[in-house]
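The values are calculated or read from the model by the stated rules, or taken from the named source; none is laboratory data. Just so it is clear, the model here is predicted, and its values are computed rather than measured. No Cβ is skipped: glycine too gets one built from the backbone with ideal geometry, and neighbour counts run over all protein chains shown.
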Amino acid sequence: MKWIAITRAVSPAIAHCELTHLDRQPIDLMAARTQHQAYEEALRALGCEVLSLPADPALPDSVFVEDTAVVFDELAVITRPGAPSRRPEIVTTAVALRPYRPLVRIAPPGSLDGGDVLRVGRTVYVGLTGRTNQAAIDQLTAELSPHDYVICAVPVHGCLHLKSAATHVAADTILCNPRWVDPAVFTPLHVLEVDAAEPYAANGLLIDTQVVYPTTFPATRRRLEEQRIAMTLVDVSELQKAEGAVTCCSLVFETAPHLVPRGAAMLQQ
Ligand code: CIR
């Protein structure tokens, strides 16, 4: 397999998840698990070997593994999640990642959620949000600059994470909600805006040339289709009630990374 996807089964305590911008609604645990298993199946169909970590009843948000680490070709950054209730989640992720990459860690006073980190080639956009602070961005810059990554801090307003507002959906295209992040930060990339009636539609998970994309945003999906962007559709509606989306349920990385040449163009994946 070319890619590894680390996932974590839905916690039986997901009803007690953190919520910042959404009202609490009942979550059907069995439906959430079924949707999560279908998501894992979609990743397998795209060529990922799925390493599914066990559910933890003490960690309501632990299905959202993306927030616990950021994996680069050269190293993996174990985060320090902004929500204190989520900090113990990193232990299991670090154990799972250790065979694949050297690990570095975000230390206090830094706080970083992986959902705030959007890598496009050697440019790393990092959201400044309620979860991620400048101290963590400084630490990330110190770790990544020697590997020729350029770190770009991005103010985000009105949503949880940078990747709630913008994700990379094709070689030169960012899908973006311009009400939550200024699209100009992504220049010279092409920015495709979500349909205004679907504010949460900017989160897609790009694996090679396919975007894993929720079934719940038909108007934005049409915009992606018009750009001839290939999609694998998944229903994650129960996980969306926990303020989750598609990127947050996995950590996808290459088994044997081909190192992107230093100084390569930012569009290079
Ligand atoms: C939280 O508030 O931390 C979780 N309920 C949702 C996290 C979603 N993570 C992500 O989009 N990267």
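Which count do you get for residues in region 228-244 that are under 17 Å from A42 (Cα atoms), surrounded by fewer than 21 Cβ atoms within 10 Å (Cβ to Cβ) and not β-branched (V, I, T)?
So the count comes out to 5.
Looking only at region 186-227, how many residues end up being crowded, with 21+ Cβ neighbours inside 10 Å and basic (K, R)?
Counting residues in region 186-227 that are crowded, with 21+ Cβ neighbours inside 10 Å and basic (K, R) gives 1.
Does any residue of region 83-94 turn out to be under 27 Å from P188 (Cβ atoms), surrounded by fewer than 24 Cβ atoms within 10 Å (Cβ to Cβ) and of a type in the set (S, T, N, Q)?
No, every residue in region 83-94 fails to be under 27 Å from P188 (Cβ atoms), surrounded by fewer than 24 Cβ atoms within 10 Å (Cβ to Cβ) and of a type in the set (S, T, N, Q).
List pairs: first residue in region 239-266 and under 20 Å from D172 (Cβ atoms) and within 9 Å of the ligand (Cβ to nearest atom), second residue at pLDDT 95 or above and part of a loop (DSSP other than H, G, I, E, B) anywhere in the structure, Cβ distance under 7 angstrom, at least six positions apart or on different chains.
Sorted first by the residue in region 239-266, then by its partner, the pairs are T247/N203.
Is it the case that some residue within region 33-40 is within 20 Å of G114 (Cβ to Cβ), away from the ligand (no atom under 16 Å from the Cβ) and in contact (Cβ under 8 Å) with a residue 12 or more places away in the chain?
yes
Looking only at residues that are among the hydroxyl-bearing types (S, T, Y) and assigned to a loop (DSSP other than H, G, I, E, B) in region 1-39, which one is surrounded by the fewest Cβ atoms within 10 Å (Cβ to Cβ)?
Within region 1-39, the first condition is being among the hydroxyl-bearing types (S, T, Y), and the residues that meet it are 7, 11, 20, 34, 39.
Next, only the ones that are assigned to a loop (DSSP other than H, G, I, E, B) stay: 11, 20.
Values: S11: 24, T20: 13.
For region 1-39, the residue satisfying everything is T20.
Among (1) of a type outside the set (D, E); (2) crowded, with 19+ Cβ neighbours inside 10 Å; (3) out of contact with any strand residue (DSSP E or B) (no Cβ under 6 Å at 6 or more places or on another chain); (4) under 22 Å from T132 (Cα atoms), which single condition is V65 missing?
With (1) of a type outside the set (D, E); (2) crowded, with 19+ Cβ neighbours inside 10 Å; (3) out of contact with any strand residue (DSSP E or B) (no Cβ under 6 Å at 6 or more places or on another chain); (4) under 22 Å from T132 (Cα atoms) applied to V65, the lone miss is (3).
Could you list all residues from region 120-161 that are within 14 Å of V185 (Cα to Cα) and aromatic (F, W, Y)?
Y125
Tell me the residue from L51, L22, L43, L59 that is within 25 Å of L97 (Cβ to Cβ), within 12 Å of the ligand (Cβ to nearest atom) and at pLDDT 95 or above, please.
One residue alone meets the criteria, L59.
Taking region 64-110 as the search range and keeping residues that are within 16 Å of the ligand (Cβ to nearest atom) and of a type in the set (K, R), which one is farthest from S11 (Cα to Cα)?
R80
Touching a Pro at 6+ places or on another chain (Cβ under 7 Å) and either within 16 Å of the ligand (Cβ to nearest atom) or farther than 22 Å from L251 by Cβ (or both): is that true of C159 in this structure?
Values: touching a Pro at 6+ places or on another chain (Cβ under 7 Å): no; either within 16 Å of the ligand (Cβ to nearest atom) or farther than 22 Å from L251 by Cβ (or both): yes.
So C159 fails the test.
Scan region 122-158 for residues that are closer than 19 Å to V65 by Cα and out of contact with any strand residue (DSSP E or B) (no Cβ under 9 Å at 6 or more places or on another chain) and report the count.
Qualifying residue count, region 122-158: 1.
Please enumerate the residues belonging to region 245-269 that are at pLDDT 95 or above and either loosely packed, with under 13 Cβ neighbours inside 10 Å or touching a Gly at 6+ places or on another chain (Cβ under 9 Å) (or both).
Across region 245-269, the qualifying residues are A245, V246, T247, C248, L251.
What's the number of the condition A136 fails, among (1) within 16 Å of the ligand (Cβ to nearest atom); (2) closer than 18 Å to T123 by Cβ; (3) surrounded by fewer than 22 Cβ atoms within 10 Å (Cβ to Cβ)?
Of (1) within 16 Å of the ligand (Cβ to nearest atom); (2) closer than 18 Å to T123 by Cβ; (3) surrounded by fewer than 22 Cβ atoms within 10 Å (Cβ to Cβ), only one is false for A136: (3).
If only one of R119, R131 is within 17 Å of the chain's Cα centre (by Cα) and surrounded by fewer than 24 Cβ atoms within 10 Å (Cβ to Cβ), which one is it? So that I can check it myself, show each step before the final result.
Details: R131 fails: surrounded by fewer than 24 Cβ atoms within 10 Å (Cβ to Cβ).
Only one candidate qualifies: R119.
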